[in-house]
Number of protein chains: 2
Amino acid sequence: MIAPGTYDALRNELATRHDELSKRLKQIAEYALENPNDMALETVSAIAARAKVQPSSLIRFAKAFGYTGFSEMQKVFRSHLVENGSNYKERIRSLSRDNARQSNSSSVVLDDFIDGGIAALNNLRHVVSPEKLEQAVETLANADVIYLTAQKRAFPIASYLAYALAQLDKRCVLIDGNGGMFFEQARSIRKGDVLLAISFKSYASEVVQLVKETKNKDIPIVSISDGVLSPLAQHSDVCLEVEEVEVHAFRSLAASMTLALTLVVALGRALDQES
Amino acid sequence: MIAPGTYDALRNELATRHDELSKRLKQIAEYALENPNDMALETVSAIAARAKVQPSSLIRFAKAFGYTGFSEMQKVFRSHLVENGSNYKERIRSLSRDNARQSNSSSVVLDDFIDGGIAALNNLRHVVSPEKLEQAVETLANADVIYLTAQKRAFPIASYLAYALAQLDKRCVLIDGNGGMFFEQARSIRKGDVLLAISFKSYASEVVQLVKETKNKDIPIVSISDGVLSPLAQHSDVCLEVEEVEVHAFRSLAASMTLALTLVVALGRALDQES
DNA sequence: CCTTTTATAGAATTTATATTCCATTTGCGT
DNA sequence: ACGCAAATGGAATATAAATTCTATAAAAGG
């Protein structure tokens, strides 16, 4: 007897062997299928109480399916919970393990980044709250001029936003620090405008400083950054969070780019509706 | 002191009080925000090991935020895990409903772009030939200076490449046309250098022209473009093809960015092996 | 209807996990 | 440089949880 290692395999096993199970084990199987979250998170005695069985029955149940004990079976339920939810890090972790095995061909590197990018995109679904996104779009839609700023790794995103916003005939200014005029370029921001700042750790000091200063002028700030600890998050009216995956010691921009593009298209729709 | 009862409240508390926290507590806060799943599922000692702290620090951490112990705080992380999973399922359901009737909510747009990005990335795996990739890497590795050029939609990629190559201490020049000096910037290309050009349809004329001119000077050219019909493909020594998916009349850059990043990392490895 | 086998309940035990406590270190103000 | 307060590490302890064991109860077979 071999114990199912995945949630789906276990589910399947529970279903097919359901008939041959004893009364109490049937009862537990039904409970397990209906309450997988309990199986994943509660203690043996808590589950036993809820399913109206003895704790020992749960252990017998687990052993009947080939596990050494209940805890081992619980791991299967737990990993399911994680896969379903926001966790894509496990996949990445296994990815980096694989990386350890001397992957020196370029196409292996490409595969790793593709996997990482897909994981980051999937994750984006979970971490971006629809409300924040809506709020960001609305703020930008009401802007007279959108000022864009980013430096270093985040700069390509601002640069892309400048291009895409121009396609929408939305007025925007890219504060790129060209000619050492970072703050000078920002000086023309005024009431009615909005600052869209993008920065990831380690946060470029100019961008952080500009955000603070602009906040003091009562200009609305929308930001794209990486987590609540970001200094941008603290000073922004809306902060959209992205978490890029690190593969081979480099972070991609796939997810951030996708979010930026979404912002543009959603903004375009909002503007269309107005007119 | 009142302990946050929800994940969002806790996150918020972690962010706002992050500054006033002691060294070890900061460390734990950061780990918790980056690995909420671990916080939800692992044991105190397992988390302690991963976050490189003592188990007792985790208990102090929980108490610092008003909980009676770590277990109480863990409940918050656990309930988030459950809610997150079910929310996601509901969202998928409501999304497919909305999609049928052309919903215009921003998060639907986001989902479309995420799906599009994933499709483009998967496609990338098939269309990029390992040989070409290897050849591109080799050509770039042998370059004295890498000249980068792109305009319009492709420009962010060149801009990102410039940033990433600098990280590798690989000499590069970004021909961005700033100050109307597009061709002037390119004038200093000489034997031993390589031109890396990126352009998608409709191909920016400057870039195409520059590629042609540079080809005549017998400078190797590596390009990233979209299909064999690209004028870049014809004049390049190696042309890496990417096909971005068009969603809502806009093309993402997720796949192209991923390819660009791959090129950088593979190049980095090639350079390491040389030395 | 009795015997044998299998399943079950519940207490007892073992194992693992969280928490506390205190000696030591670190940081800070004087 | 000194003393004080806060923070930390790590062993010791307490708590909780999983698992085993056994007497009892239910089925199954003759």
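The values are calculated or read from the model by the stated rules, or taken from the named source; none is laboratory data. For clarity, every value in this text was computed on a predicted model and none was experimentally measured. As a convention, Cβ positions derive from the backbone with ideal geometry for all residues, glycine included, and neighbour counts pool all protein chains shown. Ligands, DNA and RNA are excluded from the accessible area calculation, which covers all protein heavy atoms including side chains. Shrake-Rupley method; radii C 1.70, N 1.55, O 1.52, S 1.80 Å.
Points to keep in mind about this one:
- Any pair with Cβ under 7 angstrom, 6 or more apart, that starts in region B:1-16 at a residue that is away from chain A (no Cβ under 14 Å) and ends at one that is in a loop (DSSP other than H, G, I, E, B): B:MET1/B:GLY66; B:ILE2/B:GLY66; B:ALA3/B:PHE65; B:ALA3/B:GLY66; B:ALA3/B:TYR67
- From the options A:THR258, A:THR214, residue that is open to solvent by less than 40 Å² (accessible area, probe 1.4 Å) and more than 27 Å from the chain's Cα centre (by Cα): A:THR214
- Criterion (part of a helix (DSSP H, G or I), under 17 Å from the mean Cα position of the chain (by Cα) and either modelled with pLDDT of 90 or more or outside the structural domain of A:VAL194 (by TED's automatic domain parsing) (or both)) met by exactly one of A:GLU131, A:GLU72: A:GLU131
- Total residues in region A:87-126, condition modelled with pLDDT of 85 or more, under 25 Å from B:LEU271 (Cβ atoms) and among the hydrophobic types (A, V, I, L, M, F, W, C): 5
- Scoring A:SER225 on the criteria (1) open to solvent by 10 Å² or more (accessible area, probe 1.4 Å); (2) more than 8 Å from chain B (Cβ to nearest Cβ) leaves a single failure, condition (1).
- Filter result for the condition that a residue is closer than 29 Å to B:LEU165 by Cα, within 14 Å of chain B (Cβ to nearest Cβ) and at pLDDT 95 or above, over A:SER230, A:SER199: A:SER199
- Unique residue being touching a Leu at 6+ places or on another chain (Cβ under 9 Å) and open to solvent by 10 Å² or more (accessible area, probe 1.4 Å) when the list is B:ALA141, B:ALA150, B:ALA154: B:ALA141
- Of all residues making up region A:74-85, the number that are open to solvent by less than 50 Å² (accessible area, probe 1.4 Å) and more than 14 Å from DNA strand C (Cβ to nearest atom): 8
- Some residue of region A:164-181 being out of contact with any Leu (no Cβ under 7 Å at 6 or more places or on another chain), in contact (Cβ under 8 Å) with a residue 60 or more places away in the chain and either of a type in the set (Ser, Thr, Tyr) or more than 14 Å from A:LEU267 (Cβ to Cβ) (or both): no
- Candidate set from region B:127-150 (those that are of a type in the set (Gly, Ala, Ser) and touching a helix residue (DSSP H, G or I) at 6+ places or on another chain (Cβ under 6 Å)); member that is nearest to B:LEU267 (Cα to Cα): B:ALA141
- Residue pairs meeting the criteria (Cβ under 9 Å; at least 6 apart or on separate chains; first within 21 Å of A:GLN74 (Cα to Cα), in region B:43-56; second of a type in the set (Phe, Trp, Tyr) and away from DNA strand D (no atom under 11 Å from the Cβ)): B:VAL44/B:PHE70; B:ILE47/B:TYR31; B:ILE47/B:PHE70
- Looking across region B:167-183 at every residue that is within 14 Å of another protein chain (Cβ to nearest Cβ) and open to solvent by less than 60 Å² (accessible area, probe 1.4 Å), the one that is nearest to the chain's Cα centre (by Cα) is identified as B:LEU168.
- Unique residue being assigned by TED's automatic domain parsing to the domain that holds A:VAL207, of a type outside the set (Val, Ile, Thr) and under 27 Å from B:LEU263 (Cα atoms) when the list is A:ALA249, A:ALA270: A:ALA249
- Residues of region A:157-166 classified as open to solvent by 40 Å² or more (accessible area, probe 1.4 Å) and either among the small types (Gly, Ala, Ser) or not assigned by TED's automatic domain parsing to the domain that holds A:GLU213 (or both), total: 1
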